[in-house]
1. I'd like the residue in segment 14-39 that is in contact with a helix residue (DSSP H, G or I) (Cβ under 6 Å, 6 or more places away or on another chain) and over 30 Å from E158 (Cα atoms) and, out of all such residues, is most open to solvent (accessible area, probe 1.4 Å).
2. Residue under question is E279, and the condition is that it be at pLDDT 75 or above, over 30 Å from N446 (Cβ atoms) and not in a helix (DSSP H, G or I); does it hold?
3. Could you tell me which of the residues I106, I73 is under 25 Å from A50 (Cβ atoms), part of a helix (DSSP H, G or I) and β-branched (V, I, T)?
4. Take segment 119-140 and flag every residue that is surrounded by fewer than 19 Cβ atoms within 10 Å (Cβ to Cβ) and either at pLDDT 75 or above or out of contact with any helix residue (DSSP H, G or I) (no Cβ under 6 Å at 6 or more places or on another chain) (or both).
5. Would it be correct to say that R170 is of a type outside the set (S, T, N, Q), under 30 Å from F15 (Cα atoms) and open to solvent by 40 Å² or more (accessible area, probe 1.4 Å)?
6. Could you identify the single residue in L97, L26, L121, L36 that is without any contact (Cβ under 8 Å) to a residue 60 or more places away in the chain, closer than 30 Å to V181 by Cβ and in a helix (DSSP H, G or I)?
7. Out of all the residues in segment 432-440, is one or more at pLDDT below 70 and in a loop (DSSP other than H, G, I, E, B)?
8. Return the pairs, sorted by first residue and then second, in which the second residue is modelled with pLDDT of 75 or more, the first residue lies in segment 429-443 and is more than 11 Å from N369 (Cβ to Cβ), the beta carbons are less than 9 Å apart, and the residues are 6+ apart or on different chains.
Amino acid sequence: MFKPRSILQLTITGFLAVAGLLIAALVVTADQLDELSDRSQRAINQSVEAMRASRVLIERATSMERNFRQYTITGDGEMLEVYRERRESFSAVARQLEGLKLDPTITRYVGLLLLNDADALQAISETPVTTKAEALFPRMLDTAYEISRAIDAWTNNELASIAAEATATRDMLRLQAFVLVSAALVLAGIFTALITRPLLQVDRAINQLGSGSYATPVAIRGPKDLVRLGERLDWLRDRLNKLEQQRSSFLRHVSHELKTPLAAIYESSALLSDGAVGELSADQQEIIRIQGSNCQRLQRLIEDLLRFNADSFSVLNVMPQPVRLDKVIDGVVAAHELALKAHQLRVASELERVTVLGDAEQLRVVIDNLMTNALRFSPAGACIDVKLYQRDRAVIFEILDQGPGIAPDETTKIFHAFYQGKAPDKELYKGTGLGLAIAEEYAKANHGSIEALASERGGHFRLLLPVTFKRE
C-alpha cells in the first residue's frame, strides 16, 4: 500500500497521476487523428494520380487512333514510329495505374485495355493492315472512359468511407475523452481527499485543544510528516491536560485554605455574639457584627475571585463563529424582562441586523453585564437606550442609562477588577466590581474593545467589534 512520506510527495504524486492520464488521452487522440489524416492524404494522392493517369490514357488512345488512321491512309513509316512511341507511353501509364491497386474493377479494365493494346499492335504490324485494328481502337477508347468513370466511383466511395471513419473516430474520441477526463476527475478527487483528510484531522485537533477539551487523544492518519505533527499535538494535549489539572487543584486548595480559617473566624464571631463567653456590651456587639459582616463579604470576594480567574482562563478557549449580534441583544433584553418590570424600567432598542465573528457566549456575557450594570444604576421609571449599528469597518453597540453617571477620572478605573467607583450612595449600588472587568476581558478576546463615555444623562458604554461579515 502506498504510504507517502509527506504532503509534498502526495501532492506531486497526485499531480503526476492526473497529468499522466490527461497526457495519455492527448497522445491517443493525436495518434488516431494522425492515422485518419494519413489515410485521407493517401486517398487524395492516389485519386489525383489515378485521375491524371485516366486523362493520359484517354488522350493517348485518341492520338494512337489518329496515328493509326494516318498510317493506313498514307502508309508513311514515320506515322507508325510515332504510334509506337505513344503506345509505349500509353502502356507505361496503364501499368502505373494498375500498380496503384485501387479497385478490382479498375484493375480488370486496365488489364483489358492492355490486352486490346497488344492486339492493336499486332494488327497494325501486319501487312497489309487488317480491318481488325479499326474495331480495337474505339474499344480501347471506351475502356479508357470506363476506367475514368471507375476512378470517379472509387474516389467517391473512398471519400464516403473517410467521412464515415471520421465520424466514428469523432464519436470514439468523445467517448475516450469522457472516460479519461472522468477518470482524471476521480483521481483528482481521491488525491484531494487524501491530502485534505489529514489536514482536517489536524484542524479538528487544534480546535479541540483550543476549546479546552483534552480527554480525546490526537491521532492523525496520513503522510508521515503529519503523523509526527499529530504526535506532537497529542504531547501538547497531554501537557495542557496536566496543567489544567494542576490549575484546578490549585484553585481548590486555595479555596479550601482561605475558606477554612475564614469560617473559623466567622463561627468564633457567632459564638461571641451568642454570649458563649459571657454577656457583651452594645459596643462589643457592634464590633462582632462588623466582623461577621466583613467575614461574609470576604467570603463572597474569594468566591468572585475564583470565578473571575476561571472566566479569565476561558477567554483562551475562544472558537470564532458567525454571531448575529442583534439577536444576542434581543435575547439579553428578554432575559431581564422581569427585572425591568420590577424596577418599572423600559428599554428603547435601535438594532441593525449585524453579524460578527466571535464567541456567542462571551459576547452574550458582555451585553448581559452591561445591561445588568444599567439596571442596577437606573432609577425607577427610567429608560435604557440600546443601539447597534455598523460604521465603516466597525460594529458599535451602545447602552445609556439614567443613573448617577461616571466621573471622568473613573472611565478607565471601573474596568479594573473589584473597583466599584464613587457612587453617591455606595451601599445602594454595591456590587463585586467584577462585571465590567469580565466584559472587558471578553471584548478583547473577540478582538474588540469597550469604553465608558462621558455623558450628562447617566452611564454611557460603547462596545466596538471588527466587521467580519457584511450587513445582512
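1. The extreme case among them is L22.
2. yes
3. Among I106, I73, only I106 is under 25 Å from A50 (Cβ atoms), part of a helix (DSSP H, G or I) and β-branched (V, I, T).
4. D119, L121, Q122, S125, E126, T127, P128, T131, E134, A135, P138, R139
5. Spelling it out, R170 is indeed of a type outside the set (S, T, N, Q), under 30 Å from F15 (Cα atoms) and open to solvent by 40 Å² or more (accessible area, probe 1.4 Å).
6. None of the other options fit; the residue is L26.
7. yes
8. Short answer, once both residue conditions are applied: Y429/R376; Y429/F377; Y429/G403; Y429/P404; G433/I414; G433/H416.
The values are calculated or read from the model by the stated rules, or taken from the named source; none is laboratory data. Computed from a prediction, not measured in an experiment: that's the story for all the values here. Heads up, the Cβs are rebuilt from the backbone with ideal geometry, glycines too, and the neighbour counts pull from every protein chain shown. Side chains included, ligands, DNA and RNA excluded: accessible areas come from the protein's heavy atoms. Shrake-Rupley method; radii C 1.70, N 1.55, O 1.52, S 1.80 Å.
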